[in-house]
Each structure stands twice: as C-alpha cells, then as structure tokens.
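Novice: One structure, pasted below without further comment.
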Amino acid sequence: MDEILFHPPLVHFPIAFFVLELILLGLWFRRGDPAYRRFALFSFRLGYGLIFPTMIAGLVDAQGLPPMVRPHFFSALSLFLLSTGRAFQWRFQKGEGRKGTAFLLAGSLLTCLIVGVTGYFGGKLAFE
C-alpha cells in the first residue's frame, strides 16, 4: 500500500462511544444510578466530537465524493445531524433525574441503528 488512509483507524471510536452510551443509558434506566447517566453523557460527547474528523478523513481518503461513496457519506451526514439534535437534547434536558430517560434511550437506539446502516455502506466500500 503506497498511501496512508486516516478514516479506517478513526471510524471505530465514534461507533464504540455511541454503543457504550446506549449500554450506559440502559443501565441508568434499569438501576437508576446517576453515575451511569454522567458516563453516558461523557461517552456521547466523545462520540459526537469524533464524527466530524472521521467524516473529513473519509472525504480526504476517498478524494472527494464519488458516486460509490455517496450512500456511506449521506448516512454519516444523517448520523451527524441526528447527533447534533441529540447534543441539544442532552444540553437542555432538565435535571439529572430519570425523567426523559425513554427519550434519551430512543435517541441513542436510533443513533446506533444509523451507525449500523452507515457501517453497512462502509463495509460495502471496503469489501466489494
């Protein structure tokens, strides 16, 4: 291989942090310990903070947006937009109580589903 690709090593971090967030929110919902909520928020922030650099690395590695990359890019863009909305949800949700837990869980689950779709399109690029 004569070129260095930046996207592959970066892409797994947002995925891991979003899945961890979902697990932690589930534990918070089940056990009610606010430490799970705080850790879930920390995990979300790390995942959200890494989406944009990962997308930029993918665009650089793909040298633009050729037709075969577009489904992967647009699903990643939808993940970024959903996560931006969720960042506002995390920011403006009142208190640390369990109120709104179902809404946070639903958003996290939807995020993980979009991560799966994005990964599917990325896998098609890598292995086909």
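Novice: Looking at GLN63 and the list (1) under 12 Å from the mean Cα position of the chain (by Cα); (2) on the phi > 0 side of the Ramachandran plot, which single condition is not satisfied?
Specialist: (1)
Novice: How many residues are in contact (Cβ under 8 Å) with a residue 40 or more places away in the chain and surrounded by 21 or more Cβ atoms within 10 Å (Cβ to Cβ) if we restrict to segment 41-53?
Specialist: Of the residues in segment 41-53, 1 are in contact (Cβ under 8 Å) with a residue 40 or more places away in the chain and surrounded by 21 or more Cβ atoms within 10 Å (Cβ to Cβ).
Novice: Another question, if that's okay. Within segment 1-115, which helices (runs of 4 or more DSSP H) (wholly inside it) include 2 or more residues that are of a type in the set (Gly, Ala, Ser) and closer than 25 Å to LEU125 by Cβ?
Specialist: Passing ranges, in order: 34-62, 70-92.
Novice: Being hydrophobic (A, V, I, L, M, F, W, C), over 25 Å from GLY32 (Cβ atoms) and surrounded by fewer than 16 Cβ atoms within 10 Å (Cβ to Cβ) is the filter here; which residues of segment 83-116 pass it?
Specialist: The answer is LEU113, and nothing else.
Novice: Which one of these does SER78 not meet: (1) in contact (Cβ under 8 Å) with a residue 24 or more places away in the chain; (2) touching a Ser or Thr at 6+ places or on another chain (Cβ under 9 Å); (3) under 15 Å from CYS112 (Cβ atoms); (4) crowded, with 17+ Cβ neighbours inside 10 Å?
Specialist: Condition (4) is where SER78 drops out.
Novice: Tell me yes or no: at least one residue of segment 28-36 is at positive phi and either of a type in the set (Ser, Thr, Tyr) or touching a residue at least 60 places away in the same chain (Cβ under 8 Å) (or both). So that I can check it myself, show each step before the final result.
Specialist: Going residue by residue through segment 28-36, those that are at positive phi are 32.
Now restrict to residues that are either of a type in the set (Ser, Thr, Tyr) or touching a residue at least 60 places away in the same chain (Cβ under 8 Å) (or both): 32.
Yes; the residues of segment 28-36 include at least one that is at positive phi and either of a type in the set (Ser, Thr, Tyr) or touching a residue at least 60 places away in the same chain (Cβ under 8 Å) (or both).
Each reported figure results from applying straightforward, stated rules to the coordinates on display, with no laboratory input. This one's a predicted model, so the numbers in the text were calculated from it and none came from an experiment. Positions of Cβ are generated from backbone atoms using ideal geometry, with glycine treated the same way; all protein chains shown enter the neighbour counts.
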